[in-house]
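See structure below.
The values are calculated or read from the model by the stated rules, or taken from the named source; none is laboratory data. As the structure is a computational prediction, the values presented were derived from the model and not from experiment. Here Cβ is always computed from backbone atoms with ideal geometry, including for glycine, and neighbour counts include all displayed protein chains.
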Amino acid sequence: MNFRRILYARDHGPHHDLEPHEGSLLTFIYDLPYFPPCGIFPPFRLLNQFFALGSCGGGMGPGSEWEPFSITEEEYRALVEALKATSLAEVKPYARYAWRVPEFDASLDHVENYTEWLIAVCQKHGKKGREDASDLGRSV
């Protein structure tokens, strides 16, 4: 599928100016700091709540900003398939955080609010996320 192009701004931490950038929906996902939370990809309606925020990260660490948007269910299904089928090596030249393929946890799909889902995901998967981050630090 030809994914829509996303215009966004990214920075690399404190005291950095925002840098305009453009990528496909797939590379955009991998270029967002701290996303997906604890390595778990959100369900459709919660992903759209996240996209509606228009930013993630920032402050003392890297961040990204974009015009709030939403995707269709068809785009979501294609994105999920692409996340599962595309190797990280194909994405790394275009995205800063292509470190691991997201996982899915349907047991949390019933949560209605992105922030509540984020808390639930990190409570359930936080230890694994910290272990993965630690492994990444050793391999860099």
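The residues of segment 22-68 that are within 11 Å of the chain's Cα centre (by Cα), of a type outside the set (Phe, Trp, Tyr) and assigned to a helix (DSSP H, G or I), listed by number, are Leu25, Leu26, Thr27, Ile29, Pro37, Cys38, Gly39, Leu47.
Scanning segment 101-140 for residues that are aliphatic (A, V, I, L, M), surrounded by fewer than 13 Cβ atoms within 10 Å (Cβ to Cβ), at pLDDT below 90 and not in a loop (DSSP other than H, G, I, E, B) returns a single hit, Leu136. Residues in segment 87-121 that are among the β-branched types (Val, Ile, Thr) and within 16 Å of Leu32 (Cβ to Cβ): Val91, Val101, Val121.
Considering each residue of segment 82-100, count those that are assigned to a helix (DSSP H, G or I), closer than 16 Å to Phe41 by Cα and more than 13 Å from the chain's Cα centre (by Cα), and give that number. Steps first, please.
Residues of segment 82-100 assigned to a helix (DSSP H, G or I): 82-85, 88-94.
Checking which are closer than 16 Å to Phe41 by Cα leaves us with 82-85, 88.
Imposing the further condition that a residue be more than 13 Å from the chain's Cα centre (by Cα) reduces the set to 82, 84-85, 88.
Here the count works out to 4.
Residues being surrounded by fewer than 17 Cβ atoms within 10 Å (Cβ to Cβ) and under 17 Å from Leu25 (Cβ atoms): count how many of those fall in segment 57-70. Final tally of qualifying residues: 5. Is there a residue in segment 74-81 that is crowded, with 19+ Cβ neighbours inside 10 Å, assigned to a loop (DSSP other than H, G, I, E, B) and touching a residue at least 12 places away in the same chain (Cβ under 8 Å)? No. On the phi > 0 side of the Ramachandran plot and in contact (Cβ under 8 Å) with a residue 24 or more places away in the chain: does that describe Gly63? No.
Apart from one condition, Arg5 fits all of (1) within 21 Å of Thr115 (Cβ to Cβ); (2) in contact with a Ser or Thr (Cβ under 8 Å, 6 or more places away or on another chain); the exception is (1).
Considering segment 42-78, and only residues there that are in contact with a strand residue (DSSP E or B) (Cβ under 7 Å, 6 or more places away or on another chain) and of a type in the set (A, V, I, L, M, F, W, C), the residue that is farthest from Asp105 (Cα to Cα) turns out to be Trp66.
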